[in-house]
Amino acid sequence: PEIGAIAPPILAFLPSGEPFDLATLSGSPVVLNFWATWCVPCVYEMPELQAFHEAHPTIPIIGINLGESAAAVDRWMQEGGFTYPTVLDPIGAIASLYALRGQPTTVILSPGGIILNIVFGATTRAALENGLAPYLD
């Protein structure tokens, strides 16, 4: 995947066991964020993602947790007060589809599912707002 390419499909599960299909978000810009609880830059950026989520609730942020259990992810999200959905990537299948180089990595998609930007390393609310400016209220 690269900027200008169609984003690979994501079929995964939330920690609750509920299925998730990226295709259901077609028509809306989407922020995908690959992360793990042990990743220090991920811990730094998660409050920034939450702040963006609260300021712009119509733009979905989907966390993609790398290799951790549903219970650990659910506990982490609840304790941190993070309310955007996170899907599980227990064996790295989604990471492989996106040719992940490391985490955190944030992929910004257009409403048509085209990759607009890829951010390697921690991002901020301001950077997300800048990248998604045409789609903000």
Please count how many residues of segment 17-49 are closer than 21 Å to Ile118 by Cβ and assigned to a helix (DSSP H, G or I).
12
State the number of residues belonging to segment 60-88 that are more than 15 Å from the chain's Cα centre (by Cα), surrounded by 17 or more Cβ atoms within 10 Å (Cβ to Cβ) and among the polar types (S, T, N, Q).
0
For segment 72-89, indicate whether the set of residues that are at negative phi, in contact with a helix residue (DSSP H, G or I) (Cβ under 9 Å, 6 or more places away or on another chain) and of a type in the set (Gly, Ala, Ser) is non-empty.
yes
If we scan segment 18-29, do we find a residue that is open to solvent by less than 30 Å² (accessible area, probe 1.4 Å), closer than 14 Å to Pro104 by Cβ and in contact (Cβ under 8 Å) with a residue 40 or more places away in the chain?
no
Failed condition for Ala126, given (1) touching a residue at least 60 places away in the same chain (Cβ under 8 Å); (2) outside any loop (DSSP other than H, G, I, E, B):
(1)
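Condition check ((1) assigned to a loop (DSSP other than H, G, I, E, B); (2) without any contact (Cβ under 8 Å) to a residue 12 or more places away in the chain; (3) farther than 24 Å from Thr24 by Cβ; (4) open to solvent by 50 Å² or more (accessible area, probe 1.4 Å)) across all residues:
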position	(1), (2), (3), (4)
Arg101	yes, no, yes, yes
Pro111	yes, no, no, no
Leu116	no, no, no, yes
Ala122	yes, no, yes, no
Asn130	no, yes, yes, yes
Pro134	no, yes, no, yes
Asp137	yes, no, no, yes
Ala12 vs (1) in contact with a strand residue (DSSP E or B) (Cβ under 9 Å, 6 or more places away or on another chain); (2) open to solvent by 30 Å² or more (accessible area, probe 1.4 Å); (3) in contact (Cβ under 8 Å) with a residue 40 or more places away in the chain: all pass except (2)
Kindly establish whether Gly63 is more than 17 Å from Ile118 (Cβ to Cβ), among the small types (Gly, Ala, Ser) and in contact (Cβ under 8 Å) with a residue 24 or more places away in the chain.
no
Members of segment 30-59 that are surrounded by 17 or more Cβ atoms within 10 Å (Cβ to Cβ) and hydrophobic (A, V, I, L, M, F, W, C):
Val30, Val31, Leu32, Phe34, Trp35, Ala36, Cys39, Cys42, Met46, Leu49, Phe52, Ile59
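The values are calculated or read from the model by the stated rules, or taken from the named source; none is laboratory data. Remember, it's a predicted structure, so these values are computed and weren't measured experimentally. Note: ideal-geometry Cβ built from the backbone for every residue, glycine included; neighbour counts use all protein chains shown. Only protein heavy atoms, including side chains, enter the accessible area calculation; ligands, DNA and RNA are left aside. Shrake-Rupley method; radii C 1.70, N 1.55, O 1.52, S 1.80 Å.
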